[in-house]
Structures are given as structure tokens and as C-alpha cells.
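For reference, the structure discussed in these notes is given below.
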Amino acid sequence: MVSEIEHAAELIGHAQYMIALTGAGISRESNVPTFRGEDGLWRRYDPMELATPEAFFRDPDLVWEWYAWRQGLIARCRPNPAHLVLADWERRGLLRYVVTQNVDGLHMRAGSRNVLEVHGNIWRVRCVSCEYRSTLDEPVGSTPRCPVCGALLRPDVVWFGESLDMDVMARVYRELEKSDLCLVIGTSGVVQPAASFPLVAKQHGGRLIEINVEKTPLTHVMDVHIEEQAGKALPAIDAVLSGS
């Protein structure tokens, strides 16, 4: 009987245009803290109330203090074997794009280059007034201001109450429609619109491989479901592909 790992490797080996969708599960394996971190100062604040445009303009220093704290935690995290395998598959031409809900930047740190970040990136900043954007090398030390116009800089992430970047979303749907195989890794299958991404690929003829530590609301539409951590499953699939 063919195992799910072997079945996944077979599908990947025959795919012409494979993409990967990743969610919080893959970052959790790198010890990236969950959104509601319980640590010191931040026990007194609701992150749902800090991650809004209204909160930022009401108290930008407080919001930036929270983001600097989160950046400090994420800076200590490292890409795990799942990130590294995906980056290697891109280099080998097996994987075309990673579409991620995560804002931690770990896919890029692992070496992936074709990454579409649906919710932005905690290491990027953008001006609230002009078109200035930049990438941070380290956690912010104080509330940053735009070097071009002097206005406030904000984290380049999607906050509650904001729309997703339409250009990014258009590229995401193009990739979904082109893919003949889609890896669905560490996503809950609950949060929209990301929960519908695999269904778009399926509707356009794509096969689906889910890798998750538990079943999700999308498991029933998957061609393969591997109930395992991505950091174990992806290297195992790669070993089959490599014949080792």
C-alpha cells in the first residue's frame, strides 16, 4: 500500500506548476509566538485592539512598542526544515510560488524568492502619507518617521478593518488558477479569503496536498492529507523524491 508520503512525492514529481499555501502552523514550528502573546506588558492589552488603523493614529508609540516587542521575538526564530525544503524546491524548479498568510518573513530568510505575502510583512514599513516603503534590518527602537516627508511610518501589514492589497491578491489568484498542484501547509482552513484558496486551485483542475497536525474543514477536498508537522513531512517527501 502506497503511503501518503509516497503519494505526495508522486504527485509532486509529475506536477508542472506547483505552488504552496502556508499558514501559522509552519511558523509555529519555528517557535514564532502566536498573535495573542502572554508576556509582561502585553497581558494588559488586547492585540485585536492594537492592530487597527484607529489604534495606530490614537497612540502610534504604543502600537510601535508592541510591534518592536513582536519583532524582537521573531528575530530569535529560525526557518525550520519545512521552510528550507520549500526554498530548495524553488531553486530546483519544483515549486513556483509560496503564498503565505504569515508576516514573519521566514520564507525569505530560508531562501525563497517567489513569495506572495497576503497579510504583509512585519519587517517592512510604509509611510501613512506618501509612497515611501522600506525594510527593517532589526526591531525598531522608537516610532519611525518617513525620511521623505516626515510623516509617520507604520508596519506594512494588513490590520483589522483594512482590505487586502488588491495587486497581491490578483497575483495570488493567477497563481492558484495556473497551478496543477497546491500544497496546503499549516493553515486552519477557517480564515477567509485564504480558506478558499485551495478551492480555487481545485476548481481549475489542480490537485491538493494538505500537511497539518490535525484535520481541517478543507481536509475532505484534499487528494492527500498528511497528519504531521511540516518540518517532518516535507523532508520525508523530499527524501522519496531524491531516492534516498
Inset, instruction - Within the stretch 174-182, identify whether any single residue is over 20 Å from Thr100 (Cα atoms) and outside the structural domain of Glu49 (by TED's automatic domain parsing), and answer yes or no. - result: no
Inset, instruction - Could you please give the count of residues in the stretch 84-108 that are within 18 Å of Ser242 (Cβ to Cβ) and of a type outside the set (Gly, Ala, Ser)? - result: 10
Legend entry - Test for Arg70: is it farther than 27 Å from Phe197 by Cα and either surrounded by fewer than 17 Cβ atoms within 10 Å (Cβ to Cβ) or among the charged types (D, E, K, R) (or both): yes
Inset, instruction - Considering each residue of the stretch 186-198, count those that are within 17 Å of Asn114 (Cβ to Cβ) and surrounded by fewer than 23 Cβ atoms within 10 Å (Cβ to Cβ), and give that number. - result: 0
Legend entry - Residue list for the stretch 208-219, filter: crowded, with 20+ Cβ neighbours inside 10 Å and either acidic (Asp, Glu) or under 8 Å from Cys182 (Cα atoms) (or both): Leu208, Ile209, Glu210
Inset, instruction - Report, ordered by the first and then the second residue, all pairs with beta carbons closer than 7 Å, sequence separation of six or more or different chains, a first member in the stretch 6-21 that is surrounded by 14 or more Cβ atoms within 10 Å (Cβ to Cβ), and a second member that is in a helix (DSSP H, G or I) and not hydrophobic (A, V, I, L, M, F, W, C). - result: Tyr17/Lys178; Ile19/Glu175; Leu21/Pro198
Inset, instruction - May I ask you to verify whether Phe56 is in contact with a Phe, Trp or Tyr (Cβ under 8 Å, 6 or more places away or on another chain) and either under 30 Å from Glu175 (Cα atoms) or at pLDDT 95 or above (or both)? - result: yes
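The values are calculated or read from the model by the stated rules, or taken from the named source; none is laboratory data. Just so we're clear, the structure is a prediction, and the values are computed from it rather than from any experiment. A quick note on method: Cβ atoms are made from the backbone with ideal geometry, for glycine too, and the neighbour counts reach across all protein chains shown.
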